[in-house]
Amino acid sequence: MRTSVPVKVLAQLSCRNLWRHRRRNAMLLGAIVIAVAFVLLANSLLRGWQAQMLDTVVANLTGHVKVLAPGYRDDPSIQRSFLLPADYQPELPGVDGWASRVRVPGVILSERDTRGVQLVGVDPAQELEISFLADVAVEGDFLESPTDRRVLIGAALADQLETAVGRRIVLMTQGSDGRNREAGYRVAGTYRASSSSLEKVFVFTGREVLQDLLGSPAVTELSIKLVENGQRSVARDILQRQFAAQEASTWDELEPMAASMFRFVDTAMLIWFSIMMAALAFGLVNTLVTAVMERTRELGMLRAIGMQPGVVLIQVVMECLMIVSLGVLLGIGCGVLAVRSLSEGIDLSQWTAGIESYYMGSLLIPVLLPYDILRVLGLSLLFGLLASVFPAWRAVRVEPLDAMRR
Amino acid sequence: MQFLGVLALACSAAVSLAQDTGEAYDLVAGAIDLTRGATSFSEISMQIHRPDWERNSSLVAWTRGREDALIRFTKPAKDAGNATLKDADKMWTFTPRLNRVIRLPYSLMSQSWAGSDFSYNDLSRTDTLLHDYHLTLLETEQADGHTVYTIEAVPHDDAPVVWGREVLVLRDDYVLLSHTFHDQDDLPLKRLEALEIGEKGGRVFATRMRMVKLDEPGHWTEVSYDEVQFDVELEDGLFTVYTLRSGGGG
């Protein structure tokens, strides 16, 4: 046919057709705007969760990359440890902070209770750079140095043990010779972390103090926080070369559950998007089919006076894309505004007890990535295009003679 | 230094007194020597009392020095055969119904033993009073023709002891009259009291004693020695996991 009708005329036709049913099309437009805005908002909330998950995992003594002795993950004990030179500094690019620790399972006892915990010997200055200890509220004193012979315990644990700052507790664990080691320590302070499960698990003391108790100068882990999460595999490979006899791993290898949840969020975004768009597509198809049916006579006339079927098709698709793209643009605008208005974060503290296990804190701050906006834009237009196929096909099938006879 | 320790009590008493007189360490060494190799066999009744129920059990126990002990329940039928073996600071339990020996992890040592008010630690701790505490003689008085000493034991700061302090009341013939455990607010939490003192097997000691939970009214466990023999011949293999499992001993 090689279009005898110029695009401009087609566009004009489409516009007029849309304008003819202003009210109906405005409602359709509204539906698209709302759907797109919600998809974008949901997207940014999920992204916020994902970012929080990563921060939490990294801060919960995992770091982006970690060096452990072989077998430590299956049997965390001081036997699975390695020596680190006293003046060790990590030699790799993009390091935000690092810490070497001794971390072994142990037992804490007070006069009234006994609890199983993770004993962590730390250099407090290093922890303030990379771990959740930087953000906790401490009652009493924070640990002062790797030789501080006191313990820092979680507030929830202190409640369970019915102990308090300044009291003595007993730590018990297995020494490097496999025999039981125990000693009394004073509580320097209690910390309040974002989740009470952290408070119940980690008991901190000076690194050299714990090494002393265990009878070993070794550390069980070297944890490194990077500037860029994306650099973790590179960093792991460099560390693996530097510590050939040990095992270097990234956080997603160490915390497979967090990693799978992290990946699940990506999938969840697509699922949510598909549900919203599928619902919308029905409305879109329905409206367009109605519009085409109403115009059977008109379309027959156009065909009769020589409009090619291809042009009819283009015209219907164009009509559809016009309303969809207008809706998507407005929707994205509304979505961005909604995310902006929530930039302070959503307070979830009422439900925090339950959501901690999903690596969430009590404040959810939505995160809007340009990539996500582009993806919503692209996928919505694709959906619009697909939704226009059926109505357009109906329009093409109109037989001029039948149509004229109506 | 609880009820099995009582059989070797002379030692800790001597130690406590010695610290005050300045000859502490000579006497500590002497006291430990006293129990070295001392053996005993005893038949014990145990009554666990709770506000709404009570349980009576019978058990037999063999000890050698302060390191080794084997305790086996004989009554009630439900518990008969349950046994606990101690070798220095290691402990095992055996339950015939499961036919399994379990080595007690250290984390469980502060838990209740056989549902009583004694903890595994109470059975297992031996010489801790000697090196983990600072001992002071608080009071000396005369009663029933004996000199009675009240001794305060304050654990060293790095000692693996959760108590704030302990108070022991001892007679000059080394009979322990009471042993009270205070928390770090100085509230007494539990107390071992001698209810009857008598002579059995040729020695004078507390033949009936009670461990009372002071913070839980109505919770106590009473232990009385029905039959005791000292310096008995014991087989070499008595204090082994094999004997524990095979039900041997008597």
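What is the sum of charges around A:Val289, taking Lys and Arg as +1, Asp and Glu as -1, for the other residues whose C-beta is under 13 Å from the C-beta of A:Val289?
+2
Between beta-carbons, use under 15 Å as the cut-off and find the net charge around A:Arg149, counting Lys and Arg +1, Asp and Glu -1.
Net of charged neighbours comes to -3.
Which whole number gives the average, over all residues in A:101-114, of C-beta atoms from other chains lying within 10 Å of the residue C-beta? Spell out each step's value before the answer.
Working: counts 0, 0, 0, 0, 1, 2, 6, 2, 8, 4, 14, 5, 2, 7.
That works out to 4 on average.
To the nearest 0.05, how large is the calculated FRET efficiency for B:His146 and B:Lys90 if R₀ is 45 Å and r is the Cβ-Cβ distance? Don't jump to the answer; show the numbers that get you there.
Working: r = 37 Å, r/R0 = 0.82.
Calculated transfer efficiency: 0.75.
In whole angstrom, how far apart do the alpha carbon centroids of region A:103-136 and region A:214-292 sit?
27 Å
With charges only on Cβ, +1 for K and R and -1 for D and E, what is the dipole size of region B:87-163 about its Cα centre, in debye, rounded to 20?
Result for region B:87-163 is approximately 780 debye, rounded to the nearest 20.
Per residue of A:171-178, how many C-beta atoms from partner chains lie within 10 Å of its own C-beta, taken as a mean?
Per residue, the number of nearby Cβ atoms from other chains is 1 on average.
Extending each Cα 7 Å along its Cβ direction at B:Asp158 and A:Arg186, get the distance between those two points in nm, one decimal.
Distance between label points: 1.4 nm.
Checking the a/c ratio against 1.5 first, then a/b against b/c, what shape does the Cα gyration tensor give for the protein assembly as shown?
Values: a/c = 3.64, a/b = 2.93, b/c = 1.25.
Prolate shape, in that a/c is at least 1.5 and a/b is the bigger ratio.
Can you sort A:Ile271, A:Ile373, A:Ile323 so the residue with the fewest Cβ neighbours within 10 Å comes first?
With the fewest neighbours first, A:Ile271, A:Ile373, A:Ile323 line up as A:Ile271, A:Ile373, A:Ile323.
Could you give me the ³J(HN,Hα) list for region A:144-159, computed from phi with Karplus coefficients 6.51, -1.76, 1.60 and θ = phi - 60°, whole Hz, x at Gly and Pro?
9, 7, x, 9, 5, 8, 9, 10, 10, 10, x, 5, 5, 5, 4, 5
I need A:Ser341, B:Ser45 ordered by Cβ neighbour count within 10 Å, fewest first.
Placing the least packed residue first, the sequence is A:Ser341, B:Ser45.
Lysine pairs in region B:7-246 8 or more apart or on different chains: how many have alpha carbons under 27 angstrom apart?
So the count of such lysine pairs works out to 15.
Rounded, prolate or oblate for region A:2-68? Axes are the square roots of the Cα gyration tensor eigenvalues, ordered a ≥ b ≥ c, and the cut-off for rounded is a/c under 1.5.
Since a/c reaches 1.5 but b/c is at least a/b, the shape of region A:2-68 is classed as oblate.
If a/c stays under 1.5 just call it rounded; otherwise compare a/b with b/c (prolate if a/b is bigger, oblate if not). Do that for region B:96-231, with a ≥ b ≥ c from the square roots of the Cα gyration tensor eigenvalues.
Taking the square roots of the gyration eigenvalues as a ≥ b ≥ c, region B:96-231 is oblate.
If neighbour count is taken as other Cβ atoms inside 10 Å, put A:Glu255, A:Glu344, B:Glu67 in order from fewest to most. Write out the running numbers ahead of the final one.
Values: A:Glu255 20, A:Glu344 8, B:Glu67 17.
The order, fewest Cβ neighbours first, is A:Glu344, B:Glu67, A:Glu255.
Can you tell me the FRET efficiency between B:Thr74 and A:Val138 if r is taken as the Cβ-Cβ distance and R0 is 51 Å, rounded to the nearest 0.05?
Details: r = 54 Å, r/R0 = 1.06.
That pair, B:Thr74 with A:Val138, gives E of 0.40.
All other residues with a Cβ under 15 Å from the Cβ of A:Tyr185 taken together, and with Lys, Arg as +1 and Asp, Glu as -1, what is their net charge?
So the surrounding residues net to -2.
Can you compute 3J(HN,Hα) from phi for each residue in region A:26-42, using the Karplus curve 6.51 cos²θ - 1.76 cosθ + 1.60 with θ = phi - 60°, rounded to whole Hz and x for Gly and Pro?
Whole-Hz 3J(HN,Hα) from phi for region A:26-42: 5, 5, 4, 4, x, 4, 5, 4, 5, 4, 5, 4, 5, 4, 5, 5, 4.
Points 7 angstrom from Cα along the Cβ direction at A:Arg23 and A:Arg397: gap in nanometres?
3.0 nm
In debye to the nearest 20, how big a dipole does chain A give about its Cα centre with +1 on each Lys and Arg Cβ and -1 on each Asp and Glu Cβ? Before the final figure, lay out the partial values.
On the way: 39 positive and 40 negative charges, 582 e Å.
Magnitude of the dipole: close to 2800 debye.
Sticking with the crude label model, points 7 Å out along Cα→Cβ, report the distance from B:Asp173 to B:Gln47 in nm, one decimal please.
My value for the distance between the label points is 2.5 nm.
Read the figures in this text as sums done on the coordinates, not as results from a lab. Bear in mind that the values here come from a model prediction, so they are computed numbers and not experimental data. Methodologically, a virtual Cβ is constructed for each residue, glycine included, from the backbone with ideal geometry; neighbour enumeration extends over all protein chains shown.
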